[in-house]
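Notes for the one structure printed next.
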DNA sequence: GAATTAATTGAACGTTTGTTTTATTATGGC
DNA sequence: GCCATAATAAAACAAACGTTCAATTAATTC
């Protein structure tokens, strides 16, 4: 009927966040009811409104923090040097690692954009654009330096991001491939796709790799 | 209060289908109400149930016909010859053309799978798997023939499909690039990604293209 | 032109939705 | 041990949901 023994605002809010990410990722934002979310947390629906004023605000919070996390992860992973190949390599590694680790939140951030109000949508898209801009800059620098061979920077950036983010659709930890194997293969596919020169040689050629699997 | 002048079952059903594809693509299946759909068609909600017994059956019909259409389009576009490069090229061309032409239906088929009942989901996934299997076969044949250089066939197939299907996320007809330009660029990115040998030469090398845009 | 069938309306059904309000209890500081 | 406040329950709200039903009219058949 009222406050329960051992209740703690901080813990409850964290539990709500986690449960919401999982539920929205699996069923979709519209399909998840506040009562269902509350039940998952082990609380009454009304209690949720102590932490999030509306359902949409909850969705927005999840998305904003995911995008912020992605940006911060890249800031930490970004190499100091100017070599476009190293920078691209770091970008791919970071992107795949982050998206596999935060699979559910990524799903939410990519699939539920249409449930945001226009101004909140704009905020999230702005963050996404800033992140993608980093990749375009790397591709442009590499093309100008002659280490990449790229027809259209914007189009290549989109293709790479779709390809890398797509990992979360089929990748399941503990199945056929490890994160390291997937990352290695995606890295070599990326380097070929942008026509990267090898580090040592002078001629433009593809990265050659042993045929590991068929 | 009853049948309206000029009403025709065939026309109404088609109108419902089209309006549903557009509405679901823009707002999502759960967010679209039957009343809203009916209003878009210019009819009362009850009239919809003459053509589709439930909301989910409507969704399933849209998805099934989209997947059937994709399969049929590929059967028509598939080349007779055995050359893996030609077959891959045809696959890419067909995939991009079909997905750009049926952008909304593709969106629905990719995003609303979780709203299907388990057995309907299985049916759709079976169709999708069959279509993707064709790509894997091309890649495997190419790798065995030595015209492609591929680390992992399954992983490469998924990467390519994610990359190509991603076109519908950002492509808008009449903007910077034409369908032909986009297709050409994606074709060359694909050929590099699989390490395709050039048609004429003997050496393994990347397709070289003039730098059209930055 | 009567009989039949096809197409649709309008009203209603019971549920469920997001959210608000009010009351009640546990906790932490003094 | 009291007091303020943080955390929750329980009940209620109006609105919207998918769907059903009976009535009604247009088109078709003969």
Fill in: Residue match in the range B:180-195 (condition: at the interface with chain A (Cβ under 8 Å from one of its Cβ atoms), closer than 21 Å to residue B:107 by Cα and under 14 Å from the mean Cα position of the chain (by Cα))
no
Considering the range B:22-60, residues that are touching a helix residue (DSSP H, G or I) at 6+ places or on another chain (Cβ under 6 Å), within 9 Å of DNA strand C (Cβ to nearest atom) and not in a loop (DSSP other than H, G, I, E, B), and then whichever is farthest from the other protein chains (Cβ to nearest Cβ), we arrive at B:41
One residue is enough: does the range B:62-76 have a residue meeting the conditions farther than 17 Å from residue B:128 by Cβ, more than 14 Å from chain A (Cβ to nearest Cβ) and more than 16 Å from DNA strand D (Cβ to nearest atom)?
yes
Test residue A:110 against the stated conditions and say whether it is away from DNA strand C (no atom under 13 Å from the Cβ), crowded, with 16+ Cβ neighbours inside 10 Å and without any contact (Cβ under 8 Å) to a residue 24 or more places away in the chain. no
Flag if residue B:90 is assigned to a helix (DSSP H, G or I), within 14 Å of the chain's Cα centre (by Cα) and either outside the structural domain of residue B:45 (by TED's automatic domain parsing) or surrounded by 15 or more Cβ atoms within 10 Å (Cβ to Cβ) (or both) = no
Check your understanding: Is one or more of the residues making up the range A:24-39 more than 16 Å from DNA strand D (Cβ to nearest atom), within 24 Å of the chain's Cα centre (by Cα) and surrounded by 15 or more Cβ atoms within 10 Å (Cβ to Cβ)?
Key -> yes
Cβ pairs under 6 Å, 6+ apart or interchain, first in the range A:149-169 and without any contact (Cβ under 8 Å) to a residue 40 or more places away in the chain, second surrounded by fewer than 21 Cβ atoms within 10 Å (Cβ to Cβ) and in a loop (DSSP other than H, G, I, E, B), ordered by first then second residue, are A:151/B:209; A:151/B:212; A:152/B:213; A:153/B:214; A:162/B:166
Exercise for review: Can you confirm whether the range A:63-70 contains a residue that is in the same structural domain as residue A:184 (by TED's automatic domain parsing), outside any helix (DSSP H, G or I), in contact (Cβ under 8 Å) with a residue 60 or more places away in the chain and within 16 Å of residue A:168 (Cα to Cα)?
Suggested key: no
Of (1) outside any loop (DSSP other than H, G, I, E, B); (2) away from DNA strand C (no atom under 14 Å from the Cβ); (3) free of Cβ contacts under 8 Å to residues at least 40 places away in the same chain, residue B:10 satisfies every one except (2)
Looking across the range A:170-179 at residues that are within 10 Å of another protein chain (Cβ to nearest Cβ) and not in a helix (DSSP H, G or I), the single one that is modelled with the lowest pLDDT is A:176
Exactly one of B:196, B:159 is under 19 Å from residue B:83 (Cβ atoms), modelled with pLDDT of 90 or more and crowded, with 17+ Cβ neighbours inside 10 Å, and that one is B:196
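The values are calculated or read from the model by the stated rules, or taken from the named source; none is laboratory data. Note that the coordinates shown come from a computational prediction; the quantities given were computed from them, not determined experimentally. Don't worry about glycine lacking a Cβ; one is built from the backbone with ideal geometry, like all the others, and counts go over all protein chains shown.
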